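Below: the structure, in structure tokens.
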């Protein structure tokens, strides 16, 4: 059973299509990155998965239950943090969690446990209105952990955190994932996603434009990188004539070739035969950030 | 988790929120202060008219003897119960609208609604829990007001030499009076809650509640022309205000007061019977409550406003 499954999930606001026939599956125990530019439909999708936004069409299934038909069963063991943290400013951090614990029928003892997990015990009795953005962020994660969730949806969990706080939250997500929990992570910090996630999906204008294992997607963005002695133009000209090369660019004296890395030796031999001296050749490793920018620009 | 359990859980959560809410305490403080001023004013009027401060040497003719007699009853036991319940349904009603708008609207303003609904996703249970928690808060406020009013009545009544007689029947009637006071406030709190949900904010709730109240009070004053024509009276009595007035008058009469001495609109001969009042209030409450539920149930819940 998948932790999340969407079938042709669609949300239309008037003429604007926020999410367009989204088919997505997140397996149990996965750390899944959900990416996309601002306004791509990520938060709307999460809101539909949480039963907060009604789909125009399609189905959202969470932990085996249809969110629209059986919301209580679907969300029983789901923790979520959506957009900016939202709390009652006149209540303390602990009381805010008590409100949520009572609402969800969760034992009050969990409040102390999750406050310890996010290291907010010292300020638990202070009013949330006095909290910094980072503390509110941590409290929101504590709120998401309250139901001892099987599935956690985190929308920009490190927003407003300092570098140390970001590392703490990253480690926390890692430890949650290590415990077998499924995590759906939305973040603009793509190196964070690259480090944490097994699989990602990229959304643009409500449509799914790429999905798969992080390693596979990065291989898709890989190519061959080489340097030649002297003027690179003859080499560029030669490489562009090859049928299996889909693109050649020059970046800071390096030639980047859109071609399988396995062809590197072949490229080297061709250039030598053309009396071009290759000074350096190897795989061009692309980051998730580069891949993301490429697909969101071109698709 | 079934809906009933979800409702009980949500009620506990809502009670925690209301009982710690500074706005609720502030509004209660304002109401108690206004009630204190009102009782003090009544005391001063009677004291000046009867020359209490000068041992009868200097008296002022401020009100008619019938009105003074009425005010004296309002400062004595058990009449003070009727007077306090009447104040609760007057000034208290306006403050209840503000409190309701705050309770319903702030979950939209702060964006906390989406967190609550992911924990307990039955929107009907959420709405009902909020409403019941609000009624409990109003009940506590009514009890505190009655206690303060009684203490002040004992103090002022002793100074004025008024008889204080309270029987077991009066105490038994008190819960009925409190229930009537809650029923009187119900449609106004529901329209404020519905407005807050439709407008997704506290300000929409306050605006909707107060505009309806102003309209209702203005339209309700038409009942004086009901004396001219029974048909007109029957129509006007389908408005909320005359029916509300009927229950307020019933509460006063139950504790020996006659409000029509001070307010012509509370003349019992022009008001609808109590059974009609209860039905009309129930119908208005059902319409407002259902509107709130239907709107919330169809809404997409976003972030903070």
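The values are calculated or read from the model by the stated rules, or taken from the named source; none is laboratory data. The structure presented is a predicted model; accordingly, all values stated were derived computationally and were not measured. Quick reminder, even Gly has a Cβ in these numbers, built from the backbone with ideal geometry, and neighbours come from all protein chains shown.
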Total residues in the stretch A:159-170, condition more than 17 Å from residue A:87 (Cα to Cα) and within 19 Å of the chain's Cα centre (by Cα): 8
Given the condition at the interface with chain B (Cβ under 10 Å from one of its Cβ atoms) and over 28 Å from the mean Cα position of the chain (by Cα), answer yes or no: does some residue in the stretch A:104-123 qualify? yes
Checking B:6, B:1 in turn, the sole residue that is at pLDDT below 90, within 14 Å of chain A (Cβ to nearest Cβ) and either in a helix (DSSP H, G or I) or under 18 Å from the mean Cα position of the chain (by Cα) (or both) turns out to be B:6
Residue B:191, sole failed condition from (1) surrounded by 14 or more Cβ atoms within 10 Å (Cβ to Cβ); (2) over 18 Å from the mean Cα position of the chain (by Cα); (3) in contact (Cβ under 8 Å) with a residue 60 or more places away in the chain: (2)
When the residues of the stretch A:75-93 are filtered to those that are more than 8 Å from chain B (Cβ to nearest Cβ) and touching a helix residue (DSSP H, G or I) at 6+ places or on another chain (Cβ under 9 Å), which remaining residue is surrounded by the fewest Cβ atoms within 10 Å (Cβ to Cβ)? A:92
Listed by range, helices (runs of 4 or more DSSP H) wholly within the stretch B:89-200 having at least 3 residues that are within 14 Å of another protein chain (Cβ to nearest Cβ) are B:91-109, B:113-119, B:123-160
Out of all the residues in the stretch B:287-304, is one or more modelled with pLDDT under 90 and part of a helix (DSSP H, G or I)? no
Scope the stretch A:269-299; condition in contact with a strand residue (DSSP E or B) (Cβ under 8 Å, 6 or more places away or on another chain) and without any contact (Cβ under 8 Å) to a residue 40 or more places away in the chain; matching residues: A:272
Quick check: is even one residue across the stretch A:20-35 at pLDDT below 95 and at the interface with another protein chain (Cβ under 9 Å from one of its Cβ atoms)? no
Give B:177, B:157 a once-over and let me know the one that is crowded, with 20+ Cβ neighbours inside 10 Å and modelled with pLDDT of 95 or more. B:177
Total residues in the stretch A:94-136, condition on the phi < 0 side of the Ramachandran plot and surrounded by fewer than 16 Cβ atoms within 10 Å (Cβ to Cβ): 14
Condition first: within 12 Å of chain B (Cβ to nearest Cβ) and closer than 12 Å to residue A:147 by Cβ. Now tell me which residues in the stretch A:55-71 satisfy that. none
Take residue B:31 and decide whether it is under 17 Å from the mean Cα position of the chain (by Cα), more than 10 Å from chain A (Cβ to nearest Cβ) and either crowded, with 19+ Cβ neighbours inside 10 Å or not in a helix (DSSP H, G or I) (or both). yes
Look at residue B:62 and say whether it is away from chain A (no Cβ under 14 Å), under 26 Å from residue B:138 (Cβ atoms), in contact with a helix residue (DSSP H, G or I) (Cβ under 8 Å, 6 or more places away or on another chain) and assigned to a loop (DSSP other than H, G, I, E, B). no
